[in-house]
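Student: Below you'll find the structure I mean.
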Amino acid sequence: LQRFGARKPMIWGCLITGLSIVLLSPANLMLHDYKILAMIGYTLFGVGLAFYATPSTDAALSSLPAAQAGSGAGIYKMASSLGAAFGVAISAAIFTALSANPESVAWVEGVITFVGRQDNLAVREAAIIALMFNVFMVVVAIMSIMLTVPKAGEKKAR
């Protein structure tokens, strides 16, 4: 962190996490093929979070005086947990709304060829769209990092 700063590993963590979500999204595949992608995707997800977590915490807490470190860590953890809860809730709401209305996602069949069972297409299509929303949120996170986290050697404006 002292050499590269927090920005680079945070961006790399987001990129790796985004790639993992893309690997988890092809619900149009046969189960055997999807299991392989899922194992790779979940492994990359963990690696991406590892790249992101420590620099993120360091960036959030490094400028605080020692007397405020405990409060800062508590606020950081609360914001992190709240963000994760909102992310899960929004993704689940997208998935639930789309899978309950098969007509709203039928256009996906014209873009992607689905193999295997055809009786659950609405669920599979809704999963793809909900996961792509998560990829969009990763892009938003990367842009936020680029705008707010200073490059290595730069001082953060107060």
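Student: Which one is surrounded by the fewest Cβ atoms within 10 Å (Cβ to Cβ), of the residues in segment 9-42 that are over 21 Å from Ile129 (Cβ atoms) and in contact with a helix residue (DSSP H, G or I) (Cβ under 8 Å, 6 or more places away or on another chain)?
Tutor: By that ranking, first place goes to Ile40.
Student: Shifting gears a bit: Which of the residues spanning segment 56-73 are within 27 Å of the chain's Cα centre (by Cα), among the polar types (S, T, N, Q) and in a helix (DSSP H, G or I)?
Tutor: Correct list: Ser56, Thr57, Ser71.
Student: Tell me which helices (runs of 4 or more DSSP H) are completely within segment 74-158 and hold 2 or more residues being farther than 24 Å from Ala59 by Cα, touching a residue at least 24 places away in the same chain (Cβ under 8 Å) and under 18 Å from the mean Cα position of the chain (by Cα), or say none if there are none. Can you show your working first?
Tutor: Working: elements: 102-105, 108-111, 121-148.
In segment 74-158, 121-148 are the helices (runs of 4 or more DSSP H) which contain 2 or more residues that are farther than 24 Å from Ala59 by Cα, touching a residue at least 24 places away in the same chain (Cβ under 8 Å) and under 18 Å from the mean Cα position of the chain (by Cα).
Student: One residue is enough: does segment 34-46 have a residue meeting the conditions at pLDDT 95 or above, assigned to a helix (DSSP H, G or I) and in contact with a Phe, Trp or Tyr (Cβ under 7 Å, 6 or more places away or on another chain)?
Tutor: No: segment 34-46 contains no residue that is at pLDDT 95 or above, assigned to a helix (DSSP H, G or I) and in contact with a Phe, Trp or Tyr (Cβ under 7 Å, 6 or more places away or on another chain).
Student: When segment 108-158 is examined, which residues are found to be small (Gly, Ala, Ser) and surrounded by fewer than 11 Cβ atoms within 10 Å (Cβ to Cβ)? Spell out how you get there, then give the answer.
Tutor: The initial filter retains those residues of segment 108-158 that are small (Gly, Ala, Ser), namely 110, 116, 122, 126-127, 130, 141, 144, 152-153, 157.
Within segment 108-158, Gly110, Gly153, Ala157 meet the criteria.
Student: Is it true that Leu61 is farther than 30 Å from Glu125 by Cβ, of a type outside the set (S, T, N, Q) and either touching a Phe, Trp or Tyr at 6+ places or on another chain (Cβ under 8 Å) or surrounded by 17 or more Cβ atoms within 10 Å (Cβ to Cβ) (or both)?
Tutor: So Leu61 passes the test.
The values are calculated or read from the model by the stated rules, or taken from the named source; none is laboratory data. Keep in mind that what you see is a predicted model, and the values were worked out from it rather than measured. When we count neighbours, we look across all protein chains shown, and the Cβ atoms used for this are built from the backbone with ideal geometry, even at glycine.
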